[in-house]
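Everything below concerns the one structure shown next.
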């Protein structure tokens, strides 16, 4: 199900260096040293069993030990000091769309910023790349060298398929991750059957969905008859863009699709950060992370 990254040329290595330099500047403005307040450790590890003390949560009582000892004992836990950031990156045909940068370009750079921020905190970083199936997995590991490899592989990746099997990718990520992790899903979510796998993943991990859209998916120019091709299935359709009513119907359908996606993500209970290709993403990320940090501090 997985495969190695393809041969990496000098152009990709230059891109890695450019993204690293750009990401350093962005990390300062996005997190300002507050990475832990945005992605604080949600995982817990068992520490010890000790005698019950007044004020302890009765739900922490270890009934087996208490029965053996003849008095109540409680399990204690401590927050994991290290986090795991795991990127689930969509490289299907639909994310190859956009201009002047594609949706995939924006997703990879955002993932790079988060990965470098995690590496700065000595956290583990891993990634899963998919299209109509999972095509590459980079197991979580530490260190700047490893993170640069993750970025390199994301940039050099060329998918074998064009479709989107987001549900299978989410399920695979859930099987792969043993300990609680921060899972960032970078996709346009143009797929079916992902709600239940995402709900299951969010039940065990801290999940953030970052969607990337392009304005041309909403606005069609008045250019007469044009042929549209589905980037994933290859199906072609003729559309008369000179018909104002037709353009409006297409826009309404696209808007309804985005709203339905937002409602679905809200139902699942994950953080949703919507981005667009034609605007800088730093401000949108900063606002979303600030809201997240405030909520987690309550």
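Tell me the volume per residue, in Å³, of the convex hull enclosing the alpha carbons of the range 143-190.
In the range 143-190, the Cα hull volume divided by residue count equals 114 Å³.
By per-residue mean of other Cβ atoms within 10 Å, what is the highest-first order of 126-138, 48-60?
Answer by packing, highest mean first, reads 126-138, 48-60.
Expressed in nm to one decimal, what extension gain is obtained for the pair residue 253 and residue 20 from 0.36 nm per residue of sequence separation less their Cα-Cα distance?
That pair, residue 253 and residue 20, stretches by 80.1 nm at full extension.
For Cα pairs less than 8 Å apart in space and 6+ apart in sequence, what is the mean separation divided by the residue count of the range 132-288, i.e. the relative contact order in percent?
Across the range 132-288, relative contact order equals 22 percent.
Quick one: what does P(r) look like for the range 49-144 with 10 Å bins over all Cα pairs, in whole %?
Values per bin, smallest distances first: 14, 27, 17, 16, 16, 9, 2, 0.
Can you sort 164, 76, 277 from fewest to most other Cβ atoms within 10 Å of each residue's own Cβ?
Listing 164, 76, 277 from fewest to most nearby Cβ atoms yields 76, 277, 164.
Sort 145-152, 90-97 for me by packing, meaning the mean count of neighbouring Cβ atoms within 10 Å per residue, highest on top.
90-97, 145-152
Can you give the FRET efficiency to the nearest 0.05 for residue 179 and residue 57, using r as the Cβ-Cβ distance and R₀ = 30 Å?
My answer for the efficiency is 0.85.
May I ask you to sort 21, 198, 26 by Cβ crowding, counting other Cβ atoms within 10 Å and putting the fewest first?
The most exposed by this proxy come first: 21, 26, 198.
Could you tell me the calculated FRET efficiency between residue 64 and residue 199, based on Cβ-Cβ distance and R0 = 30 angstrom, to the nearest 0.05?
0.40
No value in this document is a laboratory result; all are computed from the given coordinates. All figures in this text were calculated on a predicted structure; none of them were measured in a lab. Counting neighbours? That spans all protein chains shown, and the Cβs are built from the backbone with ideal geometry, glycine included.
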